[in-house]
Every structure is written in C-alpha cells, then in structure tokens.
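Following: one structure in structure tokens, then a few remarks.
Every number in this text was worked out from the coordinates using simple rules, so none of it is lab data. All of these numbers come straight from a predicted model, not from anything done at the bench. Heads up, the Cβs are rebuilt from the backbone with ideal geometry, glycines too, and the neighbour counts pull from every protein chain shown.
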Amino acid sequence: MEAKTTDLTVQSARGLLKRDAMTQGLQYLTFNLAGEQYGVDILKVQEIRGWAPVTRMPNMPAFVRGVMNLRGAIVPVIDLRLRFELEAMEYTKITVVIVVTVRSATGSRVVGVVVDGVSDVLNVEGAEIQPPPDFGTAVNTEFISGLVTAEEGMVMLLDVDRLLSVEEMFALETARPPESVAAA
Amino acid sequence: MAIDIGQFVQTFFEESFEGLDIMEAGLLALEPGTTADLEQINTIFRAAHSIKGGSGTFGFRDVTDFTHLMETLLDRMREGRMAVTHETVNTLLEARDCLQEMLVAARENVPVDAVRVQGLQERLSRLLEAEPANKDAADSEPVFATKLPPTQPVGWRIQFRPYPQLMHSGNDPVRMFRELADLGELTVRADTSRLPQLAELQPEDCYLSWELELRGVATYESVAEVFAWVEGDCDLSIEPLAEASAAPEPTAGKTADAAAESPAPGPAPDPGVGQEGQQGELLLERRKGEERRKGERRVGPPTAADSGSIRVGIDKVDTVVNLVGELVTTQSMLSALGEDFDMSRLDKLHEALDQLDRNTRDLQEQVMRIRMLPVNSVFSRFPRMVHDISGKLGKQVELRISGEQTELDKTVIEKIGDPLVHLIRNSLDHGLESIDERVQAGKPETGVIALNAYHKSGSIFIEVSDDGRGLNRDALLRKGLDVGLLRAGEDYSDEQIYDLIFHPGLSTAKQISDVSGRGVGMDVVRRNIQDVGGSIQIVSRPGRGTQITICLPLTLAILDGQLVTVGQDCYIIPLLSIIESVQIQAGSVHRVAGRGEVLRFRGRHLPILRLYELFGAAEAQTDLEKGLLVVVEADGRQVGLFVDDLQGQQQVSIKSLEKNFRRVPGVAGATILGDGRVGLILDISGLIRINQAVI
C-alpha cells in the first residue's frame, strides 16, 4: 500500500489566496468530477489526501468504497462518481480524497469523498450565488445549494451536510435489504 | 475575610442526593406494623438532618423548612411515639421524592412545584397532629421530644463517656461543658474510676467520663449540637429530666460502668402534666463503626442524575499509579538500550520489549477497571419501583437482588438501565399474578422477582426472573399467526415462539400505559442490548415463571482477536467466541433443508457460513476442503465460519463504526491493525442472525 499522500491542508490552500483574504465573502474549494466543476464550503474541508487503498466494507452500496485510517479515526470513504451514478473511473495520480466534516442531527462526522481532482479555492460574494437549476444537471438538485459563474465556467456548490447524511445515502435501505446477502 | 461557601454548594448537592438515596433505602426497609429497628430510623433521620443543616447553611430556606417536618416525624418514630404505618412510610417516601425535586430545582435555579410542596407539607403536618399523645400542631421550631408533652423538659441528664482517643482530634470536654453551661444551669459529676496509675497514664488519652445535669429551657437539639463534633468518639446519652419518677432504665450497650447510672432526684413538679407518657429512654449510641464506614466510602454509585463523573476507589487509582511508574522504568531501560545499540544486546532488547508488553497490558487492564462500577448503581432504583408498582397493582412482591457488586463498564451500565426497568415492569404487570390467583394456583401469596448478576467466561450475565404465570405460548402463537410473522401449519419450537415478544407488532407495552410506560417495547429493549454488543434470551415455563437472561460484554473497548483472511480482506474474530478451527474433510458436508450447509462434526450438525459469500469478497477460496472452518459460538448457538486462512492473534482496541458512519450488519466495530490498515471486527451473533434470515 502506498502511504504517499499529498496533504494539502486547508491552511496552505488559504495561503494560496492570501491576496483575497480581505474580501468579505464565502470561500469554496472547487473540484472536478466527470468534467463538471463543483464546490464545497471550505470551512467544512478538514484536509485533502491522495487516494490510498481503503478497507472494504461488506454489503454496502457500491459508492461506499470502504473505511480508512485517518490518524487513528475510522473514516468512511464515498466515491462521488458512483454516488451520483455517473460512470466509474480508474483512479489516477491526481485522484484525491477530500475529507469533510458533516453536521447531522446526532453531531458531526468525518467523511472522505473521492473526486477526480481539486482545482482552486474560490472566493464568492453571497450575491453572486444563483439558485440551482431545476433540471439539466447530472446531480440531484437537492444537494446543490447554488450556482456560481467562475472563470473556468459554472461551479455547482454542494451542500455536503445533505449529500453525505446517513439518511440520504441509505434512503433505500428501509425499502430493501442491503445488496447481495449471500447470493449463492 | 469572608469565605466563599459557594464553592462547596456542589458538594452539598452531591451529598444530599446520596442522603436521599439512603433515606429511600431506609424507608423501604421499614416494615410497617412491626416495631421499627431504631438504628434504621436513626439512619434515615440523620440523612434528613444533614440535608436540613446543609440547606440552612447555603440559604435554601424552603428545603430547610420542609426537611424539618420530615425530621420531626422521623424523630417521633424513633422515640416510639409514632407508629410505623403504611401511611407514614408512604408519606415520607413521597416527601422524600418532593425533597429531591426541591433540591434539583435549587441546584438548577428553577422554580419548584409549589403546589406539590404545599400538599406534602400539609400531609406531614396532619400526621404530626394526629399523634394521639401530642397536642402540638407542627410548628416551625424544633421541639425535640420530651416524654411529657406538651411541656418543655425541665432539663437534661447527659451521660458522656468519651473514648480514650477523643482528645486526639483536638476536642476538649471542658470546652464542651462551657458551651453547655451557656445553655442553662449545669452540674457536672466526673467519674474518675478509669484513671490508671500516673506512671501508665497517657497524657493525651481521656480516661474520664461524666454525668451532667443541665437545667433550663434548652432544647434537645442545642444540647446535642454541643456534642456534634465527637459523635463517633463517645458514648452519649441525653435524657430529659423529669420530676419525681422511677429510675430510668440503665443505658444499654457499652457503658457497663456503675458510676454512670445514678438517677437524678426529681425537680419541682411540672405544672400541666396531664398525660402519662412513658418514661422511655432516649438512648443515642453513636456507634463509631458506622461513622467510620460512612467516611470511608469506596467505590460508590454515581449521583442521581448522570453527572458525567465517576467515583473511583483509591485502591484502583493507586494500582494505576504504580503501573505507570513501572512503565516509566521500562521506557528508560529501552532508552538506555537504544543509545548504544548493537546486535550483541539484542537479547536485552527482547527482554525489555517483553516487559513493555506486560506493563502495557497490565496498565490497560487497570485503567479499564476504573470505568467499572458495581451494577448496584442500576439495581438500587428497583426496590423503590417494585414497592410502588406492587402497591399500585395490589400485588405482593418481594424483590431479591444478588450479585449487585458485579462490576460493569460505566457506559454499559447506563445503557441497560432502561431495558431492565422495562423487564421488571413486565414481570410485575404481566408475569406475576394477583394474590388470589396465586393462592388458587397453590403458590405463596408473595410473588418473587429475582435479579442476579454474575461474571462468566468474559461476559456479564444479568438474570431477571419471576415465579409468575410464565409466557402464554398459545396466545403468542396465535398472535404470531395473526400478524403474519408465523406460518400456519409449521412446527415452531418454544424458543422461536417466545422470541416473538421481541417483535414490535407484538409488544404488549401499549396496553398498560401507566405501569409499563414510556413506550419502550421489548423490541427496543433488545435493540438497546444489542447496541452494546449484548444479547437477550428468554426461558419460560407456563404457570411456573419466566427467566430473562441478558449477556453483556465486560468492556466495550478492547478485544483479543484472531485475524483471518477472506479473499483480499482481513477480518477479526473475537477470540472469546472461537471454540476451535478445523479443516473440512471430504464428504462430511451435507445440505439440510431449511438449514443450509452443515458439517457433521462431533456428532452434531454445524451450520456453515461461507464468509466470502456473505461479504461479497473477491478472489476468495471457494472450495470448502481447501480453506479453514472456524467454529464460533454466540447466544448459545454454534456456527462454522469458512475462511481462507488464519493469520495472527492480536489485541485490538475497538473503534465504533457508528461515530463517522453507521452500524454495519455483521460487523461489531473496526480497529487499526499493525500495518495501519483498518480491520473489521466480526459480530458473531449478528452473523448468525443474518445467516438464519437467509436460509
């Protein structure tokens, strides 16, 4: 197992944009996923790691890749492509895991999310955020908190608390049992 | 300089809540109708007295006033002037509950339910008034009993016999007598009979005893207070002085000394004495041992509300401190070795590493024990509950508790409280029959509920059993068929039918809203227990009773595990669950209808669980004869887990998956393996359940 990671901490990410530190606004970490750009609230991002093999968990939906050891804590790793039911992709050198803190009714949890690659930290004024479109996106619009136009194009801002809430991810659980219990 | 007593308020509350527990236990132990055990009432009285005193110090006036009423009532009871009846005991119990509320309100600084307080005050007052021999209405100043109501005593006779070490703690009898002299007219007679020869005299010991007479209008309380500091270090008796009367009975107990016995001549006759109250005695023997015992309280239960703190016995802390010391020694040894290391010192390195292993293990074990509390902290609330509910239901119930000192991890204790309450309520409500029914069935009138806790093979077992009517197999079967959980025409074992009571649709809790309250059904009970890694089983015999056994892990945090590989994945099986590992011989596997694959093993049929199938593992060994079968046991059932291979054994610390993720069926938790990977720990009972569901 390769232990090499590219640990881009939030601090250094912010450091990249020190010149914008004075703006009042929100900051989003943007990343690529299947050709689209998405953003997450940078305050929720704990760290960014390179992809490393994780321990598989039995009978979980495909988008749950498994769990990893984050300095002693057991953190689940979700593949966002599979979560959005997009085409799966081979992991490359620039595939990263964004570790986010998710707030839920029961407290806060730490979850890792696999994306194609990270881009920049975006500074956004509240006024620049447009409401999400009703259709035409690959992603269920419930998880999109807004839309921003940046230099490279449109960035869809994700609501991680909803996206990664346990209830959402396993909403189908109550309807049917976990996949493939001993399919002989 | 004013001392800020605010810092001590917390302690006052903690101690008061403990005092309330003592009062409750004491009150429950009082048997109405019989002559009460003096010492018992004394205990309750003292607890109330402390609360009263403390609340006065900290300015909780309403608590003081309220407790005073209770105290007066208790005092009359211990003098024998008030009978111990159901009514008095129940009123006191309710008053105690109210007092608890008042203390909580005081602590949280919220208003208290004044209506309730008022109501209880009235009831207490009425009881005090109803005293036939006493014309006093309950008043607010402490009128401690005289034997000759309604007058004040003319004085007190005090027999004071200090133990030799009284003066060691700085107490001085002379000073105490001076205080007494302030209260009235004091005459003192010293008994010097125990003085030894000068050469043998220990100057710091007290050999004297005294008989004092205090005449005046001093109250009993003020006299007793003078001696408050030396309660545990003397024999003390304070009796009211009467006018002409027979000699008081000799003081019982330790004072066998003749000199202490002379009765006082009666003073001028008291006007207005019409009643003929007995000339009984007020003998207060402060027993040394009792006070000592209270002061030395070791591992006690946590305070009423879950305060997030724990009381730990000093011995446990000492052990940990010692072990850390040893650990430090080992560490410096390793340090020294590391400085100038070469291969010739390899042996020493191994030795030191072994020692480190031992130290760490010991330390870990001891630290875990700190979180262990006796299960009594959960059991202690049940006597009261049984008392109240059996009263309400009109049944006679005896609660037998054993093994209450068995220790459990604090988190586990917190989680099983509610399930146990539910189980006992069920027994009270549904299990035990009414008195008439029991008599008809030839059973003793008093039903028995037994609570037992014990350790066995690395787990804790808690049994709740009753000698009631047992589970109604037929009724359950019918309900199961009605609801569709059972199929008609099939033959079900008793176990399977009793298991039905754990299904949500069949919970009977809904029927009785008051007694079985909170909407906690048996399904929630079982889930709560499974959540802490435990299991629950029922055994029942119609007409004879029911026994529910809960099995809980001793600790939630550490596990000895066996690593196994299934395909690419590595799993950990708790060592305690493993019976043995075998290789499957050709031809010994059969397929049984309704049970899947089984291995003929030692005359039994062992179901086989192909883990690679269950877990969807890739590239795993599928040929039964080429892998290994690990025979495991849980919930009294055995199963064989088919794996590729065994790896090593390791002690692992259990990390919950639910912290960042959720519960995964079949997985009890996760851990970090030696190489940094995450290993999944298997939940054996869970696996067995999954397997059964699939078949």
Open item on the list: Only four residue types carry charge here, +1 at the Cβ of Lys and Arg and -1 at the Cβ of Asp and Glu. Report the dipole size of segment B:314-370 about the Cα centre in Debye, rounded to the nearest 20.
Closed with: 200
Task: Sum of side-chain charges, B:Gln366 neighbourhood, beta-carbon under 12 Å (Lys, Arg +1; Asp, Glu -1) - done: -1
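For a test of the definition: using alpha carbon positions, the gyration tensor, and the 1.5 limit on a/c, classify segment B:374-553 as rounded, prolate or oblate. Before the final figure, lay out each step's value.
Details: a/c = 1.63, a/b = 1.13, b/c = 1.45.
Judged from the Cα gyration tensor, segment B:374-553 comes out oblate (a/c at least 1.5, b/c at or above a/b).
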Task: Where labels lie 7 Å past Cα in the beta-carbon direction, separation of A:Glu151 and B:Leu485 in nm - done: 6.5
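Once you order the gyration tensor axes a ≥ b ≥ c over the Cα atoms, which shape class does segment A:29-99 get: rounded for a/c under 1.5, otherwise prolate or oblate by comparing a/b with b/c?
Values: a/c = 1.66, a/b = 1.12, b/c = 1.49.
Since a/c reaches 1.5 but b/c is at least a/b, the shape of segment A:29-99 is classed as oblate.
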Task: Residue (of B:Ser344, B:Val367, B:Gly325) at the positive-pole extreme of segment B:314-370, dipole from beta-carbon charges - done: B:Val367
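In which sequence would B:Ile501, B:Ile310, A:Ile144 go, from the one with the fewest C-beta neighbours within 10 Å to the one with the most?
Details: B:Ile501 23, B:Ile310 14, A:Ile144 19.
By the 10 Å Cβ count, ascending: B:Ile310, A:Ile144, B:Ile501.
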TODO: Using only the C-alpha atoms of segment B:5-130, find the volume of their convex hull and express it per residue in Å³.
DONE: 87
Task: Antiparallel bridges, percent of DSSP beta bridges restricted to segment A:25-183 (to nearest 5) - done: 85
- [ ] Anything over 31 Å Cα to Cα? Flag those among B:Lys52/B:Lys415; B:Lys456/B:Lys655; B:Lys316/B:Lys655, in the order listed.
- [x] B:Lys52/B:Lys415
Open item on the list: Would segment B:538-669 count as rounded, prolate or oblate if I go by the C-alpha gyration tensor, calling it rounded below 1.5 in a/c and otherwise prolate when a/b exceeds b/c, oblate otherwise?
Closed with: oblate
Open item on the list: What is the distance in Å between the Cα centroid of segment B:89-105 and that of segment B:397-456?
Closed with: 25
Task: Residue-averaged beta-carbon neighbours from other chains (10 angstrom radius) around A:105-112 - done: 2
TODO: Per residue of A:64-72, count partner chain C-beta atoms within 10 Å of its C-beta, then hand back the mean as an integer.
DONE: 4
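Which value, in debye to the nearest 20, describes the size of the charge dipole of segment B:385-474 about its Cα centre when Lys and Arg Cβ atoms bear +1, Asp and Glu Cβ atoms bear -1, and nothing else is charged? Walk me through the numbers on the way to the answer.
Numbers: 11 positive and 16 negative charges, 19 e Å.
Here the size comes out at about 100 debye.
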Task: Cα-derived Rg over Rh, computed across segment B:314-370 with Rh taken as Kirkwood radius - done: 1.11
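Treating the beta-carbon of each Lys and Arg as +1 and of each Asp and Glu as -1, no other charges, what is the dipole magnitude of segment B:558-694 about its Cα centre, to the nearest 20 debye? Each step should come with its number before you reach the end.
Numbers: 14 positive and 15 negative charges, 97 e Å.
Result for segment B:558-694 is approximately 460 debye, rounded to the nearest 20.
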- [ ] Whole Å is fine, so just give me how far the alpha carbon centre of segment B:328-371 lies from that of segment B:599-615.
- [x] 42
- [ ] From other protein chains only, count the Cβ atoms within 10 Å of every residue's Cβ in B:565-574, then give the mean.
- [x] 1
- [ ] Along each of the three principal axes of the Cα atoms of segment B:609-651, give the extent in whole Å, ordering the values from largest to smallest.
- [x] 31, 23, 20
Open item on the list: Students often check this: by mean Cβ neighbours within 10 Å, which of B:637-645, A:61-69, A:121-129 ranks highest, and how do the rest follow?
Closed with: B:637-645, A:61-69, A:121-129
Open item on the list: Placing +1 on the Cβ of each Lys and Arg and -1 on the Cβ of each Asp and Glu in segment B:558-694, which of B:Val652, B:Leu611, B:Gly679 has its Cα farthest towards the positive end of the resulting dipole?
Closed with: B:Leu611
